[in-house]
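Structure first, commentary second.
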Amino acid sequence: MKKNKLKRTSCDKSIQGVCGGIAEFFGISSFGIRLIFILTMPASFIDYIILANSLDENSSL
């Protein structure tokens, strides 16, 4: 069984690939993840910065 790891995406990225990576991990649309990040902006901005600096980039695609 293949175990997925949360990584930034290299193909579906707007800024750093965090939202695209989360969308690939859960198998949903990256638009929905980006919309959630925009609607929860003050708190999600800090989360986005932390994830962008801590997640590895998925280079297998």
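Starting from the chain, pick out the trypsin sites (Lys or Arg not before Pro) whose DSSP state is loop and whose Cβ has at most 15 other Cβ atoms within 10 Å.
Lys2, Lys3, Lys5, Lys13
Taking R0 as 22 Å, what's the FRET efficiency between Phe45 and Lys5 from their Cβ-Cβ distance, rounded to 0.05?
For R0 = 22 Å, the calculated efficiency reads 0.40.
Let me have the relative contact order for the chain, percent, based on Cα pairs under 8 Å that are six or more residues apart.
Rounded, it is 38 percent for the chain.
We did not get these values from a lab; they are worked out from the coordinates using the rules stated. Please read these numbers as outputs of a predicted model, since none were measured by experiment. Neighbour counts run over all protein chains shown; Cβ positions are idealised from the backbone, glycine included.
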